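In what follows, a single structure is set out as structure tokens and then discussed.
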Amino acid sequence: MRNVVAMAGKELRTYFASPVAYIVAAVFLLITGYFFTLGVINDQEATVRHFLTPGSFVLLLLSPALTMRLLAEEQKMGTLELLLTSPIRDWEVVAGKFMASLVILAAMLGLTIYYPILLYWFGNPDFGPIASGYLGLFLVGAAFLSAGLFTSSLTGNQVVAWVLGAGIVLLLWVIGGATQVVGGLFGEVIDYLSLPDHFRDFTLGVINTTDVVYFLSFMAVAFFLTIRSLETRRWR
Amino acid sequence: MIETDKLCKYYGDFVAIEDITFSVKKGEILGFLGPNAAGKTTTMRILTGYLPPSSGTARVAGYDVIDHSLEARRRIGYMPETVPLYTDMTVYDYLNFYGALRGIDRKRKEKRINTVMGLCHLRDYADTLIGKLSKGFRQRVGLAQAILHEPDVLILDEPTIGIDPRQVVETRQLIKSFGGEHTVVLSSHILPEVSMICERVVIINEGRIVAIDRPENLSERLRGSERIQLDVRGPAAEVASRLRQVKGVLEVSWEKADGNFRFVVDARLGRDLREELAGVIVHQGWGLLGLQGLGMTLEDIFLQLTTKEEV
């Protein structure tokens with residue numbers, strides 16, 4: 001655990017030393033702020049619902065930008081050699097880096113907290129949908145980050161890592177459409193994999209166990225694949 | 001402290017190293033000497049647990065580098081050839097991070113970081129970003145990182161490559177001072193450097209160990225001899241004893257090859273005995289099927305190593 005914390009601390013320092021985290025957060029705030037304002041003015045309703053779905057889509061694009069450096073850079077610079085010959089386990093490396101990216105995600109969501117504060121100031125919003133919305137956004141963002149971390153482990157090229165990371169989650173984002181032409185068991189599998197369907201209920205104030213399990217297993221699979229990928233790098 | 005047994009590493013059909021067997025005693029400084037791409041880095045990467053061997057075993061401080069990788073890694077300090085560093089960290093942060101990974105407790109870490117920064121002349125650069133440092137200083141950071149946790153075994157891949165001559169001298173002295181307490185394995189393609197720092201030298205070429213000895217013995221052996229190979233049809237023992245009588249021949253060995261015999265003659269250096277040896281064979285009426293000076297012998301490698309770079 002001490003190694004995980006050390007690894008996460010190192011990555012956080014790097015995040016704050018580079019402009020990436022600030023720029024990602026700024027873009028996220030700009031676009032979610034735009035949707036929030038537009039939604040509230042249009043509907044005259046005290047809810048954060050309007051920024052959640054666009055927000056999750058912005059996270060789809062931005063999350064791999066946060067993770068693309070994490071392992072690709074280590075491979076390109078050769079620092080992975082020193083890291084993997086230190087007394088740290090592969091999973092500790094992955095966990096530490098994932099944790100660092102989660103902290104950035106949490107901070108980014110934390111910065112949007114003034115939307116609900118404004119709502120409480122001027123109106124009387126429901127607490128439930130706000131809490132579930134934020135939980136959903138965090139889960140969906142964390143899943144994106146785990147996918148991005150995985151693709152970052154595959155290559156020494158950050159752009160490739162971003163494209164693959166965004167590509168994988170984008171595919172899961174649109175895959176639900178295939179259920180119109182694919183039926184049977186395969187159709188059901190696709191239906192389960194479809195990512196927006198697992199996010200939607202969070203925006204409506206409902207926390208389903210199946211949805212939470214979906215995102216957690218998404219992360220577990222990505223985490224496992226990342227560790228495997230690091231291992232094969234060692235054995236190549 | 002380090003024992004390897006028949007280490008091999010293949011990449012497909014390519015043989016990176018083969019049958020690398022050696023051992024290093026505690027406190028000894030061992031040098032790997034060989035031309036580029038001889039297999040030095042591959043061997044070191046296996047010792048540090050970065051690469052698994054295709055076959056064979058390696059133990060560091062009594063721990064198998066594969067089966068007890070973590071335990072072995074805890075006892076190793078490593079500086080890879082290219083000295084990879086996190087360029088966006090300061091020297092202090094970098095050492096602090098590796099100190100944490102090495103499991104040094106907070107109080108001792110402070111002290112150790114201070115000590116190694118002193119040893120490697122980095123005190124003035126504690127808060128400098130590594131990316132802003134010159135190659136020589138990066139090398140020092142790499143070295144500081146490797147010795148931070150006072151490892152039993154220090155593995156340094158080409159520790160003096162690419163730094164200016166004054167720093168080379170300093171670095172060599174520093175490495176030499178680690179001997180006795182730490183076990184050091186370093187690689188180099190510069191012969192004088194290795195004979196200066198190391199107590200024992202492993203000469204490695206094309207993935208195989210060519211010789212292991214003390215530097216002075218190696219030079220002795222080298223000054224001594226030249227190698228000639230002859231393929232002869234005839235009674236082996238007789239041929240050998242006749243060859244031995246030729247003036248300048250030091251040693252004759254033979255083995256059976258394709259129904260004939262292959263003799264390897266070690267001769268005193270400086271005289272070309274090929275003509276004379278051929279004469280002897282023909283004179284006796286034996287069949288001389290082939291004769292050649294042996295290709296890449298120790299001497300050739302040494303020659304290559306010594307002429308490539310001056311100190």
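Taken over segment B:86-122, the criterion of being more than 15 Å from B:Ile147 (Cβ to Cβ) and hydrophobic (A, V, I, L, M, F, W, C) is satisfied by B:Met89, B:Phe97, B:Ala100. Just one of the numbered conditions (1) touching a Phe, Trp or Tyr at 6+ places or on another chain (Cβ under 7 Å); (2) free of Cβ contacts under 8 Å to residues at least 60 places away in the same chain is not true of B:Leu101: (1). Among all residues of segment B:3-13, there is at least one that is of a type in the set (Gly, Ala, Ser), farther than 24 Å from B:Ala211 by Cα and assigned by TED's automatic domain parsing to the domain that holds B:Val201. Here B:Ala38 passes the criteria (1) in contact (Cβ under 8 Å) with a residue 60 or more places away in the chain; (2) within 14 Å of another protein chain (Cβ to nearest Cβ) except the one numbered (2).
In segment B:62-75, the condition of being under 17 Å from A:Thr85 (Cα atoms), facing chain A (nearest Cβ under 9 Å) and among the aromatic types (Phe, Trp, Tyr) is met by no residue. Total residues in segment A:109-161 satisfying the condition of being among the aromatic types (Phe, Trp, Tyr) and within 18 Å of A:Val221 (Cβ to Cβ): the figure is 2. The residues of segment B:77-94 that are at the interface with another protein chain (Cβ under 7 Å from one of its Cβ atoms) and not in a loop (DSSP other than H, G, I, E, B), listed by number, are B:Tyr78, B:Asp93. Considering segment A:93-123, the residues that are surrounded by fewer than 20 Cβ atoms within 10 Å (Cβ to Cβ) and under 30 Å from B:Ile104 (Cα atoms) include one that is nearest to the other protein chains (Cβ to nearest Cβ), namely A:Met99.
Determine whether A:Phe144 is of a type in the set (Phe, Trp, Tyr), more than 14 Å from every other protein chain (Cβ to nearest Cβ) and within 30 Å of B:Arg75 (Cβ to Cβ). No: the conditions fail for A:Phe144.
What do you reckon, is A:Glu74 out of contact with any Gly (no Cβ under 9 Å at 6 or more places or on another chain), surrounded by 20 or more Cβ atoms within 10 Å (Cβ to Cβ) and of a type in the set (D, E, K, R)? When the stated conditions are applied, A:Glu74 does not pass them.
Taken over segment A:10-34, the criterion of being β-branched (Val, Ile, Thr), in contact (Cβ under 8 Å) with a residue 12 or more places away in the chain and more than 14 Å from chain B (Cβ to nearest Cβ) is satisfied by A:Val24, A:Val27, A:Ile31, A:Thr32.
Set side by side, the residues B:Gly99, B:Gly103 differ, and just one is buried (at least 22 other Cβ atoms within 10 Å of the Cβ) and of a type in the set (Gly, Ala, Ser), which is B:Gly99.
For B:Leu101, indicate whether it is in contact with a Ser or Thr (Cβ under 8 Å, 6 or more places away or on another chain), hydrophobic (A, V, I, L, M, F, W, C) and within 14 Å of chain A (Cβ to nearest Cβ). The answer is yes for B:Leu101. Residues in segment B:62-74 that are assigned to a loop (DSSP other than H, G, I, E, B) and surrounded by fewer than 19 Cβ atoms within 10 Å (Cβ to Cβ): B:Gly62, B:Ile66, B:Asp67, B:His68. Among the conditions (1) buried (at least 22 other Cβ atoms within 10 Å of the Cβ); (2) more than 14 Å from every other protein chain (Cβ to nearest Cβ), the only one that A:Met7 does not satisfy is (2).
The values are calculated or read from the model by the stated rules, or taken from the named source; none is laboratory data. Since we're looking at a predicted model, the values are computed, not measured. Backbone-built Cβ (ideal geometry, glycine too); neighbour counts: all protein chains shown.
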